[in-house]
Amino acid sequence: MDIFEHAFATTVGVEGGYTRNAVDPGDWTGGAVNVGDLKGTKYGISAASYPMLDIASLTLDQAQAVYKRDYWDRIGADALGSALALLAFDAAVNNGVGRARQWLLLVQNQPDLRAACIEFTAQRTLFMASLPGWRNFGLGWARRLANLAYEAAAMVVGE
């Protein structure tokens, strides 16, 4: 399994299957609760980001193609160490490509890959804890971040 496939499997494993949660702004085509159509999210592909997609019918192969094109390639993940690529990819999917790029810029002067991964995760955690959705989704988000840190640590040991 190459690095992208590993990162995709890890992120999709957290994102899971189809959900249609009326209190999740990402499930609405307008990006806010009660704005647009409630189409849901599947494999992390949200109605807010992809309002024209038939989210409920999305296949895993289609989702993988979207992830590669719109997230992995846009953050230049092939040029990163595998652990940092995993963290940045998941952040791009969950928090947006722009924000993932900002965090990558913040960690570029870290002395090694381990330090870069720790700082990236700390910055992302701080950001996510400040979001209004933390109250409803924070425990799940915290589990996601903890799992990613564990996965990244195993990858750093291997590099």
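So here's what we get for this one:
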quantity	calculated
Estimated 222 nm signal from helices in the chain, with DSSP H stretches of n ≥ 4 weighted -39500 (n - 2.57), rounded to 500	-18000 deg cm²/dmol
Kirkwood hydrodynamic radius (C-alpha pairs) into Stokes-Einstein, the chain, 20 °C and 1.002 mPa s, D in µm²/s	135
Cβ-based exposure ranking for 60, 38, 126, 104, in which fewest neighbours within 10 Å come first	126, 60, 38, 104
Å³ per residue enclosed by the Cα convex hull of segment 80-159	74
Dimensions in Å of segment 110-152 - Rg and Dmax from alpha carbons	11.3, 36
Cut-off 13 Å between beta-carbons: net charge of the residues surrounding residue 142, Lys and Arg +1, Asp and Glu -1	+4
Relative contact order %, segment 80-159, counting alpha carbon pairs below 8 Å whose residues are six or more apart	39
10 °C / 1.306 mPa s Stokes-Einstein diffusion coefficient of segment 1-73, Kirkwood radius on C-alpha pairs, µm²/s	129
For residue 29, net neighbour charge (Lys/Arg +1, Asp/Glu -1) across residues whose Cβ lies under 11 Å away	-1
Under 12 Å, Cβ to Cβ, from residue 57 - net charge with Lys/Arg +1 and Asp/Glu -1	+1
Angle between the chain longest axis and helix 82-95 axis [Cα atoms, degrees, rounded to 10]	30
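Coordinate-derived values only; no laboratory data. Just so you know, these numbers come straight off a predicted model, no measurement behind them. All Cβ positions, even for glycine, are placed from backbone atoms using ideal geometry, and neighbour counts span all protein chains on display.
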